[in-house]
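J.: There's a structure below that I have some questions on.
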Amino acid sequence: MGSVTIRPYVARDRAAVLDLAPRLAEGVAAWRDPEAVAAQVVDWVRTSLDEHDTDGHLMLVAMAESDDELVGFASAVRRHHWSGSQDAYIGELVVGSGSEGLGVGRRLVEAVTQWAHDEGLSAVTLETGAANARARGFYAALGFAEEDVRLALPLT
């Protein structure tokens, strides 16, 4: 793949970002309806794209310089933590399957972290599925630590 550039999202990126969106459904609890999950993640991404240029929102894309292909994206928003701090919350982080393990995700997280620092925020936070061992390992390697645990009791 070669070199990757991280840059702000622009409207012409929309279709490529939406093509990657279904990867966000990976690692969701097996008892969740996979069709509903897949539809919801695409809706999340559409909302992020629609709000990308509002205050406190960030949408970045990773572009492979060799062929100008969009190989990943990340969205972040300013979020108030109950403790009173203002944090950056990564709502979505996706890397295309052909670009995994090449540092694209790390570069996107670094860019979000720089934005958070420049904005004077206290922390970078995110959520991922408990069953998403690969993502959890990736985030741990970047220094993220578990802060909260959300539990669910399936009723079906």
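Values in this text are rule-based calculations from the coordinates and carry no lab data. What you are looking at is a predicted structure, and each value in this text was computed from that prediction instead of being measured. All Cβ positions, even for glycine, are placed from backbone atoms using ideal geometry, and neighbour counts span all protein chains on display.
J.: Check each of the chymotrypsin sites (Phe, Trp or Tyr not before Pro) in the stretch 46-94 and keep only those in coil by DSSP with at most 16 other C-beta atoms within 10 angstrom; list them in order.
T.: Within the stretch 46-94, the qualifying chymotrypsin sites (Phe, Trp or Tyr not before Pro) (loop, at most 16 other Cβ atoms within 10 Å) are TRP82.
J.: Which chymotrypsin sites (Phe, Trp or Tyr not before Pro) does the stretch 3-58 hold that lie in a coil by DSSP with at most 13 other beta carbons within 10 Å?
T.: Sites meeting the loop and neighbour criteria: TRP31.
J.: Using Cα-Cα distances under 8 Å and only pairs 6 or more residues apart, what relative contact order does the chain have, in percent?
T.: The value is 23 percent.
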